[in-house]
Amino acid sequence: MILDETFWTERYLNQETGWDIGTVSTPIKIFVDSLSDYNLKILIPGAGNGYEAEYLFRLGFKDVTVLDWAEPPLLAIAKRLPDFPISQLVHQNFFEHVGHYDLIIEQTFFCALDPKLRYAYATKMVELLNTNGRLCGLLFDDPMNLTHPPFGGSMQEYRTYFEPLFYLEEFEKCHNSIPPRLGKEMWMTLRKRERF
């Protein structure tokens, strides 16, 4: 299985998007509601249909970049949110993206990557974050699949990627997951280390 642009584009075109819950997930909604700085520069990689980006944008966060390797969900966001800046809908491989952000939101992207890329994901996040920038969001805390996305994992495994690069401000079982994912997710708030 090659998890490339074609793979993900076909999933959207064939409506094989079982991960898409049709709205912002509860834990991320609650987190976003706690933010007070509307000038944050925010990235949502592998955002798919971008419900988190839509929620942020409607609240008044205007510097939100949506990144996805598949173009169909980006076109869907542009259609759904005609006022969303087209320059902030980026059709690109995450590992080729260049930019600097105060906050990166993780929602179903990490679990979609080949597990061999997990350390590369962590180091790329460090590269993309400003000083004191944060990576926040959800990871699966469940074995799940070994052969196809979504790929699961454990908090213990994830620590090996993140602890050398980030301060783990929150790294715990998620208590407010949506019902189908209850007991299978963890919440993370990671702050970029000044030096690593």
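The values are calculated or read from the model by the stated rules, or taken from the named source; none is laboratory data. Keep in mind the model is a prediction, meaning the values are calculated, not measured. With ideal geometry, Cβ positions are generated from the backbone for all residues, glycine too; neighbour counts draw on all protein chains shown.
Could you identify the single residue in Phe110, Phe95 that is under 12 Å from the mean Cα position of the chain (by Cα) and hydrophobic (A, V, I, L, M, F, W, C)?
Phe110
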Residue pairs within 8 Å by beta carbon, gap of at least six or interchain, first lying in the range 1-17 and closer than 13 Å to Pro149 by Cβ, second hydrophobic (A, V, I, L, M, F, W, C) and assigned to a loop (DSSP other than H, G, I, E, B), listed first then second, are Leu3/Leu113; Asp4/Trp69; Phe7/Met1; Trp8/Trp69; Trp8/Ala70; Arg11/Ala70
### Message
Residues that are under 21 Å from Pro149 (Cβ atoms) and buried (at least 16 other Cβ atoms within 10 Å of the Cβ): does the range 27-37 have at least one?
### Response
yes
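Kindly indicate the residue of the range 57-88 that is aromatic (Phe, Trp, Tyr) and assigned to a loop (DSSP other than H, G, I, E, B) and also surrounded by the most Cβ atoms within 10 Å (Cβ to Cβ) among those meeting that condition. Show your work before the answer.
The initial filter retains those residues of the range 57-88 that are aromatic (Phe, Trp, Tyr), namely 57, 61, 69, 84.
When the remaining residues are screened for being assigned to a loop (DSSP other than H, G, I, E, B), the result is 61, 69, 84.
Working: Phe61: 19, Trp69: 23, Phe84: 20.
Within the range 57-88, the match that is surrounded by the most Cβ atoms within 10 Å (Cβ to Cβ) is Trp69.
Quick one: is Leu74 more than 20 Å from Asp33 (Cα to Cα) and in contact with a Pro (Cβ under 6 Å, 6 or more places away or on another chain)? First the steps, then the outcome.
Values: more than 20 Å from Asp33 (Cα to Cα): yes; in contact with a Pro (Cβ under 6 Å, 6 or more places away or on another chain): no.
Taking the combined requirement at face value, the residue does not satisfy it.
Here is a yes/no grid of residues against (1) of a type in the set (A, V, I, L, M, F, W, C); (2) surrounded by 17 or more Cβ atoms within 10 Å (Cβ to Cβ); (3) at pLDDT below 95; (4) in contact with a Lys or Arg (Cβ under 7 Å, 6 or more places away or on another chain):
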| position | (1), (2), (3), (4) |
| --- | --- |
| Gln92 | no, no, no, no |
| Phe95 | yes, no, no, yes |
| Ala120 | yes, no, no, no |
| Leu128 | yes, yes, no, no |
| Leu139 | yes, yes, no, no |
Take the conditions under 24 Å from Asn176 (Cα atoms), in a loop (DSSP other than H, G, I, E, B), under 16 Å from the mean Cα position of the chain (by Cα) and aliphatic (A, V, I, L, M) and apply them to Ile21. Does it pass? yes
With the first residue restricted to the range 85-106 and required to be within 21 Å of Asn39 (Cβ to Cβ), and the second required to be at pLDDT below 95 and not in a helix (DSSP H, G or I), Cβ contacts under 7 Å at 6 or more apart or on different chains are none
Scanning the range 156-178 residue by residue, the ones that are loosely packed, with under 13 Cβ neighbours inside 10 Å and either at pLDDT below 95 or β-branched (Val, Ile, Thr) (or both) total 1
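Return the residue satisfying two criteria in turn: it lies in the range 26-43 and is under 23 Å from Leu182 (Cβ atoms) and not polar (S, T, N, Q), and of such residues it is farthest from the chain's Cα centre (by Cα). Before you say what the answer is, go through the steps one by one.
Let us first name the residues in the range 26-43 that are under 23 Å from Leu182 (Cβ atoms), namely 26-34.
Next, from what is left, pick out any that are not polar (S, T, N, Q): 27-33.
On the way: Pro27: 13, Ile28: 10, Lys29: 13, Ile30: 16, Phe31: 13, Val32: 13, Asp33: 17 Å.
Among residues in the range 26-43 that are under 23 Å from Leu182 (Cβ atoms) and not polar (S, T, N, Q), the one farthest from the chain's Cα centre (by Cα) is Asp33.
Test Gly152 against the stated conditions and say whether it is in contact with a Pro (Cβ under 9 Å, 6 or more places away or on another chain) and without any contact (Cβ under 8 Å) to a residue 60 or more places away in the chain. Give the steps one after another, and end with the answer.
On the way: in contact with a Pro (Cβ under 9 Å, 6 or more places away or on another chain): yes; without any contact (Cβ under 8 Å) to a residue 60 or more places away in the chain: yes.
When the stated conditions are applied, Gly152 passes them.
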Those residues of the range 61-75 which are more than 14 Å from the chain's Cα centre (by Cα) and free of Cβ contacts under 8 Å to residues at least 60 places away in the same chain amount to Phe61, Lys62, Asp63, Leu74, Leu75
By residue number, the members of the range 165-179 that are touching a residue at least 40 places away in the same chain (Cβ under 8 Å) and either within 15 Å of Ser25 (Cα to Cα) or not aliphatic (A, V, I, L, M) (or both) are Phe166, Cys174, Asn176, Ser177, Ile178
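Does Leu138 meet the test of being among the hydrophobic types (A, V, I, L, M, F, W, C) and free of Cβ contacts under 8 Å to residues at least 40 places away in the same chain?
Details: among the hydrophobic types (A, V, I, L, M, F, W, C): yes; free of Cβ contacts under 8 Å to residues at least 40 places away in the same chain: no.
Criteria not met by Leu138.
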